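Please treat every number below as a calculation from the coordinates, not as lab data. For clarity, every value in this text was computed on a predicted model and none was experimentally measured. Cβ placement follows ideal geometry from the backbone for every residue including glycine, while neighbour counts extend to all protein chains displayed.
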Amino acid sequence: MIYSSPHRLAKRYRPASFKALIFIASCAIATGAAAQAAFEKSTASKATGWQQCSALRSDSVARLQCFDRWAAEQTWPDAPSPVAQQSPKTLQSPQGLQATAPVLITMTAPEVHNCKNPRFSELSRYWELEAGSDCGTFGIRGYQPISLSWIGSDSVNTQPTSPSPDHTAESPLSFKNSELRIGLSVRTKIAQGLLTQNEPLKRDSVWFAYSQESNWQILSGDLSRPFRTTDHQPELIYIYPLEAPLPWGWQLRYAGLSLNHQSNGQPLPLSRSWNRTMLLAGMEKNQAFYLFGKLWYRTPEDAKDDDNPDISDLIGRAELAGYWHVNPDHTLGVTLRHSLRANGNGSVRLEWLRNFDHSGFVGNNSGLRLHTQLFSGYGDSLVDYNRRRTVLSVGLSLVDW
């Protein structure tokens, strides 16, 4: 048996041999790392999008650069605005997952809401029935047409009378059959969302409106051109939006309630006034046909305070108005009032409105119309409530400005 001495063992394992072992181990580690990197690159080359970057685990610099490139290539959706939307907006995340942005209800209309937006129907814009057609509270809007017209009639009431005592003019005045008529009418929304708080796309509303119509005897120079009569009509109106389909393509769009006062502001013997509670409804068809209904109940008054006890039997208790937009330039209308009694009293009014927006005149306002009316019946004005008249008026009207 041969034994190796300690001296020989020391010679066999010299320091050079240890260096060789370290070199071999380093090569093995490097080879393994290279193989791992090659495997990751092979895997990354087969992946797409953010998965390609996620596969580069061993090279943090390359991994970060890859994610930076991927992020720069993405198109991210705009952050949802904290305002009322027309409908929930679906956002597409980079991973292909869908998320629905919540609809936020706001009672203060932001700038993106527009009560003149033509993609909403005319009734939606007029009464601001939806979130997108909502212009907020306490803005001034048109109500009845603001008008200036020349009128001619078959007769004029020179000595107004009423069945009530002390309500007949003492002597007749030499009024002319032709006069100038001035109509003013405005409204403002004073509240909204009272009953539709849980309906994000609908807006009920409360409005205050004021209308005034004056007949000016501009040709009566011998009488110092007086205002023959001026009627004042404040209203408090509640409107609730509806979407109820009706036969023949019609759709009921709103229902409402109005507290209406009308008076001529005159002392005796010319004082005329009444108060009414009205039920309202409006419907439309194909953005061309519109129907508006009113049914009212006169608030009873004491006989000694009643200026015009027979006014409901003459002017009427109900009104039905229809309009046809023949084209963007022309609108035809008819309004019927009826007493809902056997005597059949009331009135009829025919209208033609010509839009100046396409007339070729520079600077025209789209709300300005040539307005022609033919009225026949009772109630052309309060002082004429019991006098049947036929009146033709031609002038200009500013409609829903």
- Phi-based couplings in Hz for the range 202-207 (Karplus 6.51, -1.76, 1.60; Gly and Pro marked x): 10, 9, 7, 7, 10, 10
- Cα gyration tensor of the range 282-401, axes a ≥ b ≥ c as square roots of the eigenvalues: rounded (a/c below 1.5), prolate (a/b > b/c) or oblate? prolate
- Kirkwood Rh over Cα pairs of the range 279-353 into Stokes-Einstein at 25 °C, 0.890 mPa s: D in µm²/s? 174 µm²/s
- Alpha-carbon centroids, the range 272-336 and the range 160-237: separation in whole Å: 14 Å
- Query: From the cross-link list K116/K202; K176/K304; K116/K189, which pairs have alpha carbons spaced over 24 Å apart?
  - Reply: K176/K304
- Can you tell me the dipole magnitude for the range 171-227 around its Cα centre, using point charges on the Cβ only (Lys, Arg +1; Asp, Glu -1), in Debye to the nearest 20? 140 debye
- Query: In the range 105-199, what GluC sites (Glu not before Pro) fall in a loop by DSSP, with at most 14 other Cβ atoms inside 10 Å?
  - Reply: E111, E170
- Taking the Cα centre of the range 137-398 as the origin and placing charges on Cβ (Lys, Arg +1; Asp, Glu -1), which of G333, Q233, P172 is farthest toward the positive end of the dipole? G333
- What one gets for the range 137-398 as the Kirkwood radius, inverse of mean 1/r over different Cα pairs in Å, is 20.0 Å
- Query: From the backbone phi of the range 327-332, what are the Karplus-calculated ³J(HN,Hα) couplings (6.51 cos²θ - 1.76 cosθ + 1.60, θ = phi - 60°) in whole Hz, Gly and Pro given as x?
  - Reply: 7, x, 9, 10, 10, 10
